[in-house]
Structures are given as C-alpha cells and as structure tokens.
Amino acid sequence: HSDQPEIPVTGRDEHSGVSMISKIESVAEQIVIQGDGPLEAEVFTLSDPHRLVIDIANSKISPMLNGSPSAMFGQVDSTHPQVERIRYALFSSDPDITRLVIDLRQPVQYSLTWDRQQEKISIDIRGQNFQVVLDAGHGGKDPGAITYSNYYEKDFTLPLTLKIYELLQDEPFIKPVLTRSDDTFIELDERSAIANRIDADLFVSIHGNTYIPSIHGTETYYYDEFSKAFAETMHRHVVEATGFRDRQVRQREYKVLRLAEMPAALIEIGYVSNKEQEALLYNDEFQDKIAQAIVDGIKQYLQIHD
C-alpha cells in the first residue's frame with residue numbers, strides 16, 4: 001500500500017513511499033528541489049571549502065532530471081552568485097536518502113521552506129556580508145612618525161587606507177568602515193570602539209614604522225591568540241607585495257588591539273625613517289600594490305573566493 005494514497009503521482013514508487021526528485025535548479029537567490037511526493041530535508045554546513053549539505057529522506061533521483069536523462073549521481077550548474085555547483089548522489093539505499101552538496105564561493109546565510117502541496121523544497125541562499133574596519137594610524141594633531149624627508153606618517157597611512165577602502169567597496173561580500181576619512185584626530189580607544197559598536201568581523205590598523213635610518217622591514221602585531229592567524233595571514237601578503245625584509249609577526253599590548261573585540265592586526269608596512277623605504281611608501285603605484293595585498297589577505301582569512 002502507499003504511504004500517501006491520496007496523492008496521485010507518476011514515476012513514484014507506490015510501495016515504498018519514495019519520492020522521485022525531478023528538478024534541482026537555481027532560481028534567483030534560491031535552489032529549488034522538486035519531487036513527486038513529500039520531501040523532508042536535513043541541512044548542515046561544512047567549511048574549508050564551504051559547502052551546504054542537504055539530506056532528503058525517502059527520495060531518489062528521477063531517471064529524468066531537469067528534463068534530461070540522469071544517473072544516480074552527477075552535478076547541476078548554478079547561476080546563483082554564491083554557488084559554484086550543485087552535486088547530487090544516492091547517499092544511502094536502506095533507507096533511501098539523496099544527498100545534495102552545494103559548493104559555495106563563501107560563507108552564506110540560508111533558510112529552507114517546504115511547499116507540501118507542490119512537493120518542493122526551496123533553499124534561500126544569501127551572501128554573508130563581513131564588516132571590516134580600516135584604521136588609518138594617527139591623524140590631526142597626532143602626526144605620527146617624522147619620516148626621513150620630514151614628512152608625517154599620517155600622510156602615508158590615510159591615502160593607503162583610502163585605497164584599501166575603495167578596493168573593498170568593490171567586493172560584494174565585504175562592507176568596509178573607516179575610523180577616519182580625513183586628517184582628523186581620533187582617540188585610540190574610540191578607534192576600537194567604532195569596530196565594537198558595529199560588531200565588526202575584522203579590525204586592521206595601518207602604520208609606518210620609525211627607528212634609526214638603517215633599520216627597514218615589515219612588522220605585524222596582534223594582542224590575543226584569536227587574532228594571531230589573522231595577523232599572520234595579513235603579514236604574509238604585505239611582505240610578499242612590498243619585498244621588504246620580514247621582521248615577523250609579534251604580540252604586543254597596543255591599545256587599539258587590546259580593546260578590539262574581533263580579530264585585529266596592526267601592520268607596520270615599512271620604516272618611514274629609512275630613505276629607500278620612505279620613497280616607496282609614499283609612491284602612489286606602490287601604495288596600490290600594498291592596498292591590493294591587504295585586500296587579498298582579508299579575503300583569504302575570510303575564505304572569500306572569486
């Protein structure tokens with residue numbers, strides 16, 4: 001006898017109650033799964049790489065999927081901006097469970113809706129927007145370091161930070177936020193507070209270092225252990241882009257790092273007190289290169305893939 005005798009079906013296994021899945025397709029921001037009987041699903045996420053896994057009980061793939069002959073396993077192309085592809089297979093035959101694996105380009109927010117009358121499951125998938133706070137060191141009455149040629153550090157950190165901001169504005173899954181956008185003085189605790197108030201995902205503070213003219217290189221700082229991996233990722237990208245000496249990732253109790261409630265890194269890009277590095281750091285094209293490296297580091301840490 002059938003579990004659902006009142007539902008007229010075609011192609012469905014009347015004796016086992018198994019629903020045959022005839023459509024798996026992306027429609028706007030949804031992945032739609034259509035069966036010929038009731039569909040019940042369990043969903044969970046996996047990371048590295050990011051995947052959404054959907055197990056549909058009492059189901060099999062129909063011999064005709066999306067209007068074409070199908071096998072017990074395969075994949076479906078997707079037009080969804082966050083979805084690379086959709087893979088499917090018979091995960092279990094006793095009981096029958098169909099597994100769909102949605103390969104994602106980045107972490108997502110999702111929700112499921114069941115339409116029992118239409119025997120359909122819709123998964124709404126939306127990109128997760130990350131808030132990244134960019135802090136241009138110093139500003140206003142605080143000029144920062146005096147450079148080899150008597151410039152100010154604040155006049156290096158602001159244009160570089162604005163370049164990073166502009167690049168991140170083109171990233172669909174990242175919302176950049178500035179602690180300052182002009183030559184303004186911002187207290188150290190207020191810089192972290194800006195990030196904390198909006199519950200930001202990352203905090204990046206941009207600086208130029210100073211010491212005796214012979215010292216040169218890139219250093220990156222973090223305060224607590226949950227920021228270490230972020231600092232290391234950012235450091236690798238900046239050192240590779242600048243070609244400067246690797247002066248390592250270091251732990252320090254800097255106020256902006258200590259007060260930040262999210263992974264936070266302070267990057268000393270190079271030494272403005274060094275003649276050769278100063279010339280590069282204030283060069284517009286070189287700053288473009290650094291800005292792109294910082295964006296790449298942020299995206300790598302957040303596992304955002306193009």
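This model, with +1 at the C-beta of Lys and Arg and -1 at the C-beta of Asp and Glu, gives segment 264-306 a dipole about its Cα centre of some 140 debye. Across segment 16-84, the relative contact order, built from alpha-carbon pairs under 8 Å that are at least six residues apart, equals 35 percent. Here the spin labels are modelled as points 7 Å beyond Cα on the Cα-Cβ line, and at Q251 and A229 they lie 1.7 nm apart. Calculate what fraction, in whole %, of the accessible area of segment 137-244 sits on carbon and sulfur atoms when a 1.4 Å probe is rolled over the protein chains. Of the solvent-accessible surface of segment 137-244, carbon and sulfur hold 50 percent. Of interest is the spacing of the C-alpha centroids, which for segment 100-153 and segment 248-278 amounts to 22 Å.
For segment 229-275, GluC sites (Glu not before Pro) are listed when DSSP marks them as loop and at most 10 other Cβ atoms sit within 10 Å of their Cβ; the list is E253. In this structure the chain gives 49 Å² per residue of accessible area when probed at 1.4 Å with all protein chains present. Entry note, the chain: relative contact order of 14 percent, from Cα contacts under 8 Å with a spacing of 6+ residues. Membrane-span-like helices in the chain, defined here as complete DSSP H runs extending at least 20 Å along the helix axis by their C-alpha atoms with mean Kyte-Doolittle hydropathy no lower than -0.5, are 154-169, 228-242; this is a sequence and geometry rule, not a statement about a membrane. Between the listed residues N196, V108, S59, the Cα displaced farthest toward the positive end of the dipole of the chain, a dipole computed from Cβ unit charges relative to the Cα centre, is found at N196. Packing around the peptides 272-278, 172-178, 283-289, 293-299, taken as the average count of other Cβ atoms within 10 Å per residue, puts them in this order, highest first: 293-299, 272-278, 172-178, 283-289.
The residue among T98, L39, T242 whose Cα reaches farthest toward the positive pole of the charge dipole of the chain, with charges on the beta-carbon of Lys, Arg, Asp and Glu, is T242. About its Cα centre, the dipole of the chain is roughly 480 debye, where the only charges are +1 on Lys and Arg Cβ and -1 on Asp and Glu Cβ. For segment 93-137, the Cβ-based charge dipole about the Cα centre amounts to some 120 debye (Lys, Arg positive; Asp, Glu negative; other atoms uncharged).
The values are calculated or read from the model by the stated rules, or taken from the named source; none is laboratory data. The structure presented is a predicted model; accordingly, all values stated were derived computationally and were not measured. Cβ atoms come from the backbone with ideal geometry, glycine included; neighbour counts cover every protein chain shown. To get the accessible areas, we keep the full protein, side chains included, count just its heavy atoms, and leave off ligands, DNA and RNA. Shrake-Rupley method; radii C 1.70, N 1.55, O 1.52, S 1.80 Å.
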